[in-house]
Amino acid sequence: NAGVTQTPKFRVLKTGQSMTLLCAQDMNHEYMYWYRQDPGMGLRLIHYSVGEGTTAKGEVPDGYNVSRLKKQNFLLGLESAAPSQTSVYFCASSDLVLQGYWQFFGPGTRLTVL
Amino acid sequence: AQTVTQSQPEMSVQEAETVTLSCTYDTSESDYYLFWYKQPPSRQMILVIRQEAYKQQNATENRFSVNFQKAAKSFSLKISDSQLGDAAMYFCAYRSAIAGANSKLTFGKGITLSVRP
């Protein structure tokens, strides 16, 4: 099993450009999450999904959109990138049935917006 | 809303010694889970240990153990026989036991642990 994978690993954007981050998991997990990590801030939840076709806002959703068209994939989109979105982005997934299960994290994507 | 506080931004420990990382949290819920994650320079988030709030016994995983004080809302991580590979950032996290919308993790800001050879 590959676990949770993220594409790409690094990206540099100019202000106003758009991009999509792809998260894929092969563990048949129902729940998927997108976090951003900034120095001194820990990880903050952007959006999450409790199943295929569902999405919900997290703590810092502004400027981002998400889609969960397939159970194994969770996409994070930036329609018009801003320097404030420079961050490391993590995707995670977890099991529905075993509620105590921890979240499995992807390797992260480092995004720089110039 | 739940909050997680890690008040020490940095700590240092001598190799082979023991170190304790502090974490406090605030919640009105009675059933929840607590976690410690490790993030080495590779950036990968690695689960170290987890604790179910309904269990009184403190969780232990090899050299890692927790001191869970539910009434005080405290969840500290003890690392025994510290190794150079333990150097990393450590995050404390909270998760409600209620299914559905509250399944997200709430993280503390993290603590950077350095290990002196």
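The values are calculated or read from the model by the stated rules, or taken from the named source; none is laboratory data. Predicted model, so just to flag it, every value in this text is computed and none were measured. Glycine gets a Cβ as well: all are built from the backbone with ideal geometry, and neighbour counts include every protein chain shown.
Scanning region B:21-36 for residues that are surrounded by fewer than 15 Cβ atoms within 10 Å (Cβ to Cβ) and either modelled with pLDDT of 95 or more or aliphatic (A, V, I, L, M) (or both) turns up just one, B:26.
Here is a list: B:51, B:39. Which entry is surrounded by 15 or more Cβ atoms within 10 Å (Cβ to Cβ) and under 20 Å from residue A:35 (Cβ atoms)?
On the way: B:51 fails: under 20 Å from residue A:35 (Cβ atoms).
Matching residue, one of B:51, B:39: B:39.
Looking across region A:21-48, the residues that are in a loop (DSSP other than H, G, I, E, B) and farther than 13 Å from residue A:103 by Cβ come down to A:26, A:28, A:39, A:40, A:41. A single entry from A:77, A:51 fulfils the requirement of being in a loop (DSSP other than H, G, I, E, B) and not aliphatic (A, V, I, L, M): A:51. Condition check for residue B:1 on (1) closer than 28 Å to residue A:89 by Cβ; (2) within 11 Å of chain A (Cβ to nearest Cβ); (3) in contact with a Phe, Trp or Tyr (Cβ under 7 Å, 6 or more places away or on another chain): one failure, at (3). Please pick out the residue among B:14, B:57 that is surrounded by fewer than 17 Cβ atoms within 10 Å (Cβ to Cβ) and in contact (Cβ under 8 Å) with a residue 24 or more places away in the chain. None of the other options fit; the residue is B:14.
Of the strands (runs of 3 or more DSSP E) lying entirely inside region B:36-117, those containing at least 2 residues that are more than 9 Å from every other protein chain (Cβ to nearest Cβ), closer than 24 Å to residue A:48 by Cα and under 15 Å from the mean Cα position of the chain (by Cα) are B:46-52, B:88-96.
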